Amino acid sequence: MNINLARKPFINRKPVIRVSVILWLLAFLMTFFNVSLYLKYMEGFSKRFEEAAILKDKIEKDRETIRELSDRLSKMRLKKLNKKVKFINSLIRQRTLKWTAIFSKLGEILPVEVRLVSLSPRVKSSRQYAKMKHLEEISLGLVGVAKGSESLYKFLDSLYKDPHFFNPSLQGESTQQDGVVFNMNTIFVLPQGGIDGEK
């Protein structure tokens, strides 16, 4: 039989203290772990934010580069388009020549003994006539048949004398059964206002 003579009953608090210390240590470790995780997260977030800012700047620079390249491409396309337009305008001019004026002048100087078989026009710029403004030059290739050499040279002489024809040159001639077949080039000079006010 055990008799407790103490004023207060003895209570063994060591296990409670040990458990409390262990719990405090666990709480501290968990707090430290959580703080470490938070700091790492914030550090990673800061890096990601910086990377996102750098990436955004790069995207803006790439967009600016794309806009510049697009503008250059548009200008190049515009230049090509202008060249095509000029070429098409040249073709239109070839199809809208002053045929009446050309045939009218040829009819005036063409001898009866000479007939034209073909006429090939080519529109050209007025570089040879820099001093002569408001002129349209049409290079003509003429193929025809003359009754004889005398008629052919008579026609050539008439081209030289007419102010609307420049630099006529005989490219070739051959005597055939029908007459003298010839090939010559000349330049027909047409004022923009037409001949004698014709438009």
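The numbers here are math on the coordinates, done by the rules we state, and not lab data. All values derive from a computational prediction rather than experimental measurement. Methodologically, a virtual Cβ is constructed for each residue, glycine included, from the backbone with ideal geometry; neighbour enumeration extends over all protein chains shown.
Fewest neighbouring Cβ atoms within 10 Å first, the residues V180, V21, V112 line up as V112, V21, V180. The string of couplings for the stretch 169-184 from the Karplus curve (6.51, -1.76, 1.60, θ = phi - 60°) is 9, 7, 8, x, 8, 8, 7, 10, 5, 7, x, 9, 7, 10, 9, 9 Hz, one whole number per residue in order, with x for Gly and Pro.
Residue-wise HN-Hα couplings along the stretch 156-168, as the Karplus relation 6.51 cos²θ - 1.76 cosθ + 1.60 with θ = phi - 60° gives them from phi, are 5, 5, 5, 5, 4, 7, 6, x, 8, 10, 10, 6, x Hz; Gly and Pro carry x. Using the Cβ atoms and a cut-off under 14 Å, what net charge is assigned to the surroundings of Y153, where Lys and Arg are +1 and Asp and Glu are -1? Surrounding charge for Y153 is -1. 3J(HN,Hα) along the stretch 61-68: 5, 5, 5, 5, 4, 5, 5, 5 Hz, from the Karplus curve 6.51 cos²θ - 1.76 cosθ + 1.60 with θ = phi - 60°, whole Hz, x for Gly and Pro.
Listed from fewest to most Cβ neighbours within 10 Å, the set F182, F166, F103 follows the order F103, F166, F182. Computed from the C-beta positions of T100 and N183 and an R0 of 35 Å, the FRET efficiency is 0.90 to the nearest 0.05. What does the net charge come to around D62 if you take all other residues with beta carbon closer than 14 Å to its beta carbon, with K and R at +1 and D and E at -1? Once all neighbours under 14 Å are counted, the net charge is +1. As a rough footprinting exposure proxy, the listed residues K105, K161 were ranked by other beta carbons within 10 Å of their own, and the order from fewest upward is K161, K105.
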